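A.B. asks: Here it is: the structure, laid out below.
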Ligand code: SF4
């Protein structure tokens, strides 16, 4: 009997835009994937990655059974056999060296997939080790830390209201390629084009003429590492106009503007010209454009996080948004209110434990803990440096840190020396091999 055709609806798990998918299936075979036009968020948009999920699903190289390494070769085993190996391996390392000798790394896909969002916390707590690492420390922790100190939780990141704004100034972001990051927006390019069609302006500050820069109204080339200085000067210029105003609604919730003004006083547009490569007159013009726009927002992404003073730059993004009256304001930057699972939707406003980092320090170079983890950049030294607390086993979930984190050759060498490793992944890659 011929299999009947059916349509199933899913969300794309490949990035945080989480586009809605309409998938046609005959029997067990995917015959078509297209954007779900009724998805309230993505409205039918998918990028080339989403439309080729069929190829990923059918890829013969995708791992379909658990694999255990025996005599240097991966051997397919049943799930029962795999769990016995995991139990034996991890229990052995813990018995010999303690729980702190097991490290854990979770990769980027964990942030946009329901299963790890639910279960990672459970197994990490059961593991009982503080040696935790993730992809966040490679690209976004500065923004989360500045948001934590400003707004009380590291998940309270204010994102551009791109569908209503009249002006967007972007630093270190290339949404024409990425579709946005820490600002989930399927078809980010289409939304920017809509902004321009309604008379708005897109300004990109980036050392590189990125695809987004090419499509912007204005591209301003900044010297690499100049973000914090540029933003400090921009805030300085706004405050110097005498027009800075957080707005009536926010006034009761904001303090420290005078202190910020004093702290930024030395950072005049002229003083940063050389370091940023941006003329003072341009910074002053941008300050006035932000103030004059009916609504405006500054959006800083990975480029503002992977520079020196990344946390300061991330904080300054919100300082500029606040003093131009665009923080938590329509068309400015706003706080998402997901239906569940986010601190911005829970608890009583203005109450809570507050935010702090440094509740522990990495063993070798004493870097502070942030959001319950240490920088991925110290993972290799924590494995290679002998002594109490040395990492002897690793669990990785949906991550390829040997390819994606700094000093990957050292990490590759470190992973070779582990007594035991468990990897949860759909491919054998540079890390899981
Ligand atoms: S932008 Fe592409 S990869 Fe990201 S969720 Fe949408 S379809 Fe998937």
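What follows is calculated from the coordinates using simple rules that are stated; it is not laboratory data. It should be emphasised that the depicted structure is a prediction, and the values quoted were computed from it without experimental measurement. Because the Cβ atoms are built from the backbone with ideal geometry, glycine has one as well, and the counts that use them run over all protein chains shown.
A.B. asks: Can you tell me what percent of all Cα-Cα pairs in the stretch 82-178 are more than 21 Å apart?
C.D. replies: Working: 2513 of 4656 pairs.
When every Cα pair of the stretch 82-178 is considered, 54 percent fall beyond 21 Å.
A.B. asks: Could you tell me the extents of the chain's C-alpha atoms along the three principal axes, largest first, rounded to whole Å?
C.D. replies: 70, 64, 43
A.B. asks: Using a Debye calculation, one point per C-alpha and no hydration shell, please list log10 I(q)/I(0) for the stretch 16-99 at q = 0.16, 0.18 Å⁻¹ in order.
C.D. replies: Taken in order of the listed q values, log10 I(q)/I(0) reads -0.78, -0.83.
A.B. asks: So if R0 is 41 Å, what FRET efficiency would residue 385 and residue 55 give, r being the distance between their Cβ atoms, rounded to the nearest 0.05? Walk me through the numbers before you get to the answer.
C.D. replies: Details: r = 42 Å, r/R0 = 1.03.
Using R0 = 41 Å, I get an efficiency of 0.45.
A.B. asks: Okay, next question. Work out the FRET efficiency for residue 99 and residue 259 from their Cβ-Cβ distance, taking R0 = 30 Å, and round it to the nearest 0.05. Mind dumping the intermediate values first?
C.D. replies: On the way: r = 43 Å, r/R0 = 1.44.
After rounding, the FRET efficiency stands at 0.10.
A.B. asks: Tell me the relative contact order for the stretch 158-334 as a rounded percent, counting alpha carbon contacts under 8 Å between residues six or more apart. Present the calculation step by step, with values, prior to reporting the outcome.
C.D. replies: On the way: 323 pairs, mean separation 59.5, N = 177.
The value is 34 percent.
A.B. asks: Could you list log10 I(q)/I(0) for the stretch 211-289 at q = 0.11, 0.16, 0.22 Å⁻¹, which the Debye formula gives when each Cα is one point scatterer?
C.D. replies: Log-scaled intensity ratios, in q order: -0.34, -0.66, -1.01.
A.B. asks: How do the peptides 368-376, 323-331 rank, highest first, by the average count of neighbouring beta carbon atoms within 10 Å per residue?
C.D. replies: Details: 368-376: 19.2, 323-331: 22.7.
Averaged packing, sorted descending, gives the order 323-331, 368-376.
A.B. asks: How would you rank 90, 234, 403, 192, going from fewest to most other Cβ atoms within 10 Å of each one's own Cβ? Can you show the working numbers first?
C.D. replies: Numbers: 90 18, 234 30, 403 12, 192 24.
Fewest to most other Cβ atoms nearby, the residues stand as 403, 90, 192, 234.
A.B. asks: To the nearest 0.05, how large is the calculated FRET efficiency for residue 427 and residue 223 if R₀ is 45 Å and r is the Cβ-Cβ distance?
C.D. replies: Values: r = 38 Å, r/R0 = 0.85.
It comes to 0.75.
A.B. asks: Moving on. What is the distance, in nm, between label points placed 7 Å from the Cα along the Cα-to-Cβ direction at residue 3 and at residue 159?
C.D. replies: 3.5 nm
A.B. asks: Here is a follow-up. Find the percent of Cα-Cα distances in the stretch 5-58 that exceed 12 Å, and round it to a whole number. Walk me through the numbers on the way to the answer.
C.D. replies: Details: 838 of 1431 pairs.
The answer is 59 percent, as a whole percent.
A.B. asks: While we're looking at this one, here's another question. In what order do 208, 356 fall by count of nearby beta-carbon atoms within 10 Å, going from fewest to most? Write out the running numbers ahead of the final one.
C.D. replies: Working: 208 15, 356 12.
With the sparsest Cβ surroundings first, the list reads 356, 208.
A.B. asks: Okay, moving on. How big is the stretch 352-433 by the Kirkwood estimate over distinct Cα pairs, in Å? All intermediate terms of the calculation are to be shown ahead of the outcome.
C.D. replies: Values: mean 1/r = 0.0729 Å⁻¹.
After inverting the mean inverse Cα-Cα distance, the result is 13.7 Å.
A.B. asks: Per 0.36 nm of contour for each residue apart, how much would the distance between residue 275 and residue 73 grow if the chain were fully extended, relative to their Cα-Cα spacing?
C.D. replies: Contour length minus Cα-Cα distance gives 67.5 nm.
A.B. asks: Follow-up question, since we're still on this one. Only counting other Cβ atoms within 10 Å, I'd like 8, 364, 40, 378 sorted with the fewest neighbours first.
C.D. replies: Details: 8 10, 364 17, 40 7, 378 22.
Ascending Cβ contact count within 10 Å gives the list 40, 8, 364, 378.
A.B. asks: According to the square roots a ≥ b ≥ c of the eigenvalues of the Cα gyration tensor, what is the shape class of the stretch 211-358, taking rounded for a/c under 1.5, prolate for a/b larger than b/c otherwise, and oblate for the remainder? Walk me through the numbers before you get to the answer.
C.D. replies: Numbers: a/c = 1.58, a/b = 1.46, b/c = 1.08.
Prolate, since a/c reaches 1.5 and a/b exceeds b/c.
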